[in-house]
Amino acid sequence: MEQQSQLERMGLFDARVPRYTSYPTAVQFSPKVDESRYREWLAEIPEGASISLYLHVPFCRRLCWFCACRTQGTQSEDPVRAYAEDLLAELALLRDALPRGIRLSRLHWGGGTPTLMPADTIRRVADAVLTAFPLDQGAEFSVEIDPNEIDESRMQALAQAGLTRASIGVQDFDPQIQKVIGRDQSFAVTRRAIDMIRATGIDSVNADILFGLPHQDQTRIANTVNRLLELSPDRIALYGYAHVPWMAKRQVMIPSESLPVPHERLHLFEVAREMLLSQGYDEIGIDHFARPGDGLARAQRAGHLRRNFQGYTDDGGEILIGMGASAISRLPQGYAQNAPATPAYVSAIRDGRFSISRGHEFSAEDKWRARMIEALMCDFAISSEEFATGHGLGPETLAALFGEVSHRFGDLVSTDEGGLRILPEGRPLTRMVAQMFDAYAMSPAGHSTAI
């Protein structure tokens, strides 16, 4: 109770803070980064480089009311097949723009629902991608799979393409909660999908669940976690539901009075967290859990855990190329985002050009602040030595930055000559601590007054 009171005094239950899957966040993107700049950045990638590739499919059979992603509904295969042709056209542009010998360390298909693509389309897209950019030895190929939208033919097509990891959305198994959030997905359907995945020889399975959903209480979330544990996923993402109906219009279908209040949300997270830890999962960052042998757990132990637009990752590469409507690329020079609206994306691709609509070019300060925020989100700590040797920050600068955090968060953080640490009791505040290093949240110019 004392910890809860302290967290409340720190503003945890009132704060609206970014998830920091990028820095600067997308709010800072502008049209200054256009197709021409993007092509320049692509051309500067070294020959033979290893990169990550994200492919976005923005279609769903049904639009779940809780979801804030940019997606569109379709009951027909025709728009999905047509969109796949546009992805192949973008792939051709990318192949021509990149230097020779590019290979993939990571390939991820997300959405939306990538498994809305028919089996023959899955094969065609996968063959084209892997012909243009072969997988590195030990590379990972992952796909987000909707248990309601997978069958033997599509599963076999993914497996034959080299799928190594499947990601399953669960959210909650309670029928009443599913009805209120517009997500009808029984335990039996989910188990069938996971059994099908494993029957093809794919051993790595991720699952996402949400806390803070309407009508969710401690008993219900415990029941969902117990059912999920029966399926023994290798990784579990325990995300907090964000109710933002002013941004995601479909969320108006969810009655706000049915949502848990902030104190209850914290208890829901803690119930699920304790259950997962008791079953041998390692806690990864602020909202992930993994079996000790999973790549995320190994990366955390080795100090190599990273964070990108897909959340926590063991991908240490600097270059992530996003394909499809709204997809974001991260290159050493900055971020570049494709047109968010599918029609605008399609129009550009069919006109023979990349659909870059906005982005952000990194300053030197952006780079070290991004790394500090990532270190906090991954390791709950910032090493003074890393930033002194890698970024040239002097002890006075670091002392000023850390002093602001210490003044704000008191005994929930620890500072010394070695750096800054968020103590275990302060970890629910991690995103708030990270925001102290977000210059754009601190001044319109994007520069802190601390340096």
ask   = Which log10 I(q)/I(0) values, to two decimals, does the range 315-451 give at q = 0.22 Å⁻¹ under the Debye formula with one point per Cα?
value = -1.29
request  = Please report how far the C-alpha centroid of the range 401-427 lies from that of the range 189-219, rounded to the nearest whole angstrom.
outcome  = 36 Å
inquiry  = Rounded to the nearest 5, what % of DSSP beta bridges with both residues in the chain are antiparallel?
reply    = 45 percent
request  = Could you please state, rounded to a whole Å, how far the C-alpha centre of the range 39-90 is from the C-alpha centre of the range 280-335?
outcome  = 19 Å
message = Please list Val17, Val129 from largest to smallest accessible area, probe radius 1.4 Å, with all protein chains kept in place.
response = Val17, Val129
Using θ = phi - 60° and Karplus 6.51 cos²θ - 1.76 cosθ + 1.60, couplings along the range 37-43 (whole Hz; Gly, Pro as x) = 5, 4, 4, 4, 5, 4, 5
Residues Asp217 and Asp411, FRET efficiency given R0 of 35 Å [Cβ-Cβ distance, rounded to 0.05] = 0.65
query = In debye to the nearest 20, how big a dipole does the chain give about its Cα centre with +1 on each Lys and Arg Cβ and -1 on each Asp and Glu Cβ?
reply = 840 debye
key: Whole-number percent relative contact order across the range 54-170, with pairs defined as alpha carbons under 8 Å at least 6 apart   = 29 percent
key: With every protein chain in place, the chain: carbon and sulfur % of accessible area (1.4 Å)   = 49 percent
remark   = Relative contact order in percent for the chain (Cα pairs under 8 Å, 6+ apart) equals 19 percent
request  = Leaving out ligands and nucleic acids, note down the accessible area per residue over the chain with a 1.4 angstrom probe, in whole Å².
outcome  = 42 Å²
task = Search the structure for amide H atoms under 5 Å from the amide H of Arg358, placed 1.01 Å from N in the peptide plane, and list their residues when 5 or more places away or on another chain.
result = Gln337
message = Given the -39500 (n - 2.57) contribution per DSSP H run of 4+ residues, what per-residue ellipticity at 222 nm results for the chain, rounded to the nearest 500 deg cm²/dmol?
response = -12000 deg cm²/dmol
request  = Order these peptides, 360-370, 320-330, 250-260, by their mean beta-carbon neighbour count within 10 angstrom, highest first.
outcome  = 320-330, 360-370, 250-260
message = Over the Cα atoms, compute the radius of gyration (one decimal) and Dmax (the largest Cα-Cα distance, rounded to a whole number) for the range 137-193, in Å.
response = 13.5, 45
note = The base-10 log of I(q)/I(0) that the Debye equation returns for the range 56-166 at q = 0.17, 0.19 Å⁻¹, one scatterer per C-alpha, is -0.83, -1.02
remark   = In this structure, the FRET efficiency calculated for Glu85 and Glu44 from their beta-carbon separation, with R0 = 41 Å, to the nearest 0.05, is 0.90
inquiry  = Sequence gap at least 6, Cα distance under 8 Å: using those rules, report the relative contact order of the range 336-400 to the nearest whole percent.
reply    = 22 percent
request  = Excluding residues fewer than 8 places away in the same chain, name every one of the lysines whose C-alpha is closer than 23 Å to that of Lys32.
outcome  = Lys367
message = Can you give me the distance in nm between label points at Ala92 and Asp203, each placed 7 Å from the Cα along the Cα-to-Cβ direction?
response = 4.1 nm
ask   = How would Asp146, Asp184 line up by accessible area, probe 1.4 Å, largest first?
value = Asp184, Asp146
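The values are calculated or read from the model by the stated rules, or taken from the named source; none is laboratory data. Everything quoted here is computed from the prediction, not taken from an experiment. Ideal geometry is used to build each Cβ from the backbone, glycine not excepted, and the neighbour counts take in all protein chains shown. Side chains are part of the model used for accessible areas, which takes the heavy atoms of the whole protein and leaves out ligands, DNA and RNA. Shrake-Rupley method; radii C 1.70, N 1.55, O 1.52, S 1.80 Å.
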